[in-house]
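S.K.: Sharing a structure, written as structure tokens. Questions coming.
Laboratory data are not the source of any read-out in this text; all were calculated from the coordinates shown. These numbers come from a predicted model, not from an experiment. Quick reminder, even Gly has a Cβ in these numbers, built from the backbone with ideal geometry, and neighbours come from all protein chains shown.
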Amino acid sequence: MTARVADMTVDELKQLISESVHESFEDLMEDLAAMNSPSYIASVEEARSQYKRGEIVTLDELERG
């Protein structure tokens, strides 16, 4: 169901904005924590190396198991 802003009450719009800001802030905090994790950085570097070497799995392969 898609709601239009014009059909929302002021309180509904405030709640929507509040929830969106809260979710965005949580995502940002998670990203900051991850970027400060040496193991996370190492896993990203390894994934990039694997990609460059062609060591990838397609979505179809994942779905087939």
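S.K.: Run lengths n ≥ 4 of DSSP H only: what is the helix-derived mean residue ellipticity at 222 nm for the chain, with -39500 (n - 2.57) per run over all residues, to the nearest 500?
M.R.: Using -39500 (n - 2.57) per qualifying helix, the result is -24000 deg cm²/dmol.
S.K.: Do me a favour and compute the ellipsoid semi-axes for the chain from its Cα gyration tensor, root of five times each eigenvalue, largest one first, whole Å.
M.R.: The three semi-axes for the chain are 38, 21, 8 Å.
S.K.: Counting Lys and Arg as +1 and Asp and Glu as -1, each charge on the Cβ, what is the dipole of the chain about the Cα centre in debye, to the nearest 20?
M.R.: 280
S.K.: OK, next. Just going by the charge dipole of the chain, with Lys and Arg at +1 and Asp and Glu at -1 on Cβ, which of His22, Ser39, Val57 is farthest out on the positive end?
M.R.: After comparing all options, I get Val57.
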